[in-house]
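What follows draws every value from the coordinates through simple rules; no lab data is involved. Since this is a predicted model, take the numbers as computed values, not measurements. Every residue, glycine among them, receives a Cβ derived from its backbone with ideal geometry; neighbour counts consider all protein chains shown.
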């Protein structure tokens, strides 16, 4: 029995062996070279690379479809911010905009370029004998701060600012909060209602002013210990540079109780200075203010200031030609005109001509402290029913009747009002103690007119470059 069992096991083992021999590898265990694979159907070794026979030139790479193409030397190269890859190397991007912080006194010959955004911290001063040049399209931002820490660009007497923008590339002063980038007219996070976020632009010169004593004074907002804040002198033709196609926005930082910086301040600036195509947007205090001086200003616009749009003091005796005022909800006067403060240069007289003044909740104008000058060919509209044009003191009233203060050839549109001050007699107000209200009303009505649309005023077409125009704010 044991022998029979052993025999059966042996026969089964042989059967299994014969069965295995019937399933041998059809390629007889053929081994291929490195880089090849065995085709089981044909038992032939074939290359893993279908493009093996294709040879590319230096600097070329093979594509998946066996084509030779030029290799990108910058493929896979990662450059730092402000750099670009060129021929496999990282270099400075010539179009990159950097941020440069500036403070204190600039050096003569400094140039601010459009490929940077400049952030001013505190006062940045162009001192006597120095010239700062700002290229077209440059953006300058002011950091926040109050009092003596308020940021501002100050051009001291004897210094020069050469800020010559163009209609296509204006120079823009704005707040450090503004997200505006190089090449833009405006950012997206601020509008004309954001005010007091930095200081402003202050230009000082040697031209005559009229102050209580002497021929000079210290501009508000700069301590008396800082001599770069002095202004005034005896050079009517003084030259502080060129300011052309310049927009100043969101300024007017507080420097004292009830005292803020203007959008642009002119202190004793002479007629040798060129100021043409300027706008001030959303300033907490006045838009443009002149403390004496003789500088002429053409094509000026103020929108949504917190106090007065055009403020004249200390016997300013230049001409403001082709100007626009657009009130905001917190604006005060379209004009606030003060006369001389002392005996020196007491006969200085301004000229405001060819303007549009669009009111909201604001007054037309105040004339104070012996105001002297001329307002002509200007169009007033959209002012509220209680708005008036005032002579506030005896000296201003006397100057009006003597011809030293002239308000003539202007148009007032009150067609939007159902009641209130709809006639020129209603608008005109001589509030001086020794004034003659009835005679003022009569003369104003004879010299000016009520209209339903403008036939005079500013040429708005030249303001196409402005922020105000881009926001649709300019209309009559």
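What does the convex hull of the alpha-carbon atoms of the range 110-295 project to on average, in nm²? Approximately 9.5 nm², given one-decimal rounding.
Assuming a ≥ b ≥ c are the square roots of the Cα gyration tensor eigenvalues, decide whether the range 212-325 counts as rounded (a/c under 1.5), prolate (otherwise, with a/b larger than b/c) or oblate.
Oblate.
Treating each Cα of the chain as an identical point scatterer and summing with the Debye formula, the log10 of I(q)/I(0) at q = 0.11, 0.13 Å⁻¹ comes to -0.88, -1.14. Exposure proxy ranking for 469, 335, 418, based on other Cβ atoms within 10 angstrom of each Cβ and starting from the fewest, stands as 418, 469, 335.
Normalising by the residue count of the range 319-423, find the relative contact order in percent from Cα pairs under 8 Å and 6+ residues apart.
Reported as a whole number, the value is 26 percent.
In a Debye calculation with equal point scatterers on the alpha-carbon sites of the range 347-476 and no solvent, what is log10 I(q)/I(0) at q = 0.09, 0.18 Å⁻¹? Log10 of I(q)/I(0), two decimals: -0.27, -0.99.
Taken along its principal axes, the alpha carbon cloud of the range 23-139 reaches lengths of 102, 29, 19 Å, longest axis first. The calculated Kirkwood hydrodynamic radius for the range 436-476 is 13.1 Å, given to one decimal from all distinct C-alpha pairs. Axis of helix 437-447 versus longest Cα principal axis of the chain: the two differ by about 60°, to the nearest ten degrees. Expressed as a whole percent, the proportion of Cα-Cα pairs in the range 120-186 lying more than 16 Å apart is 53%. Using R0 = 45 Å, the C-beta based FRET efficiency linking residue 475 and residue 105 works out to 0.55. Against the chain, whose longest principal axis is taken from its Cα atoms, helix 2-21 shows a tilt of about 50°. Taking every C-alpha pair closer than 8 Å and separated by at least 6 residues, the mean separation divided by the residue count of the chain gives a relative contact order of 8 percent. For the range 253-395, the equivalent ellipsoid built from the Cα gyration tensor has semi-axes of 21, 17, 16 Å, listed from largest to smallest.
For the peptides 404-417, 318-331, the ranking by mean Cβ contacts within 10 Å, running from highest to lowest, is 318-331, 404-417.
Ordering 444-454, 199-209 by mean Cβ neighbour count within 10 Å, with the highest value first, yields 199-209, 444-454. Site pair residue 62 and residue 37 shows an inter-label distance of 1.5 nm when each label is modelled 7 Å from Cα along Cα→Cβ. Placing R0 at 25 angstrom, the Cβ-Cβ distance between residue 179 and residue 115 gives a FRET efficiency of 0.85 after rounding to 0.05.
Suppose we look only past 13 Å in the calculated P(r) of the range 325-378. What percent of the Cα-Cα pairs does that tail hold? Here the tail beyond 13 Å accounts for 63 percent of pairs.
From the square roots a ≥ b ≥ c of the eigenvalues of the alpha-carbon gyration tensor of the range 64-130, which class results: rounded (a/c under 1.5), prolate (a/b over b/c), or oblate?
prolate
If you plug the beta carbon distance of residue 237 and residue 416 into 1/(1 + (r/R0)^6) with R0 = 35 Å, you get a FRET efficiency near 0.20.
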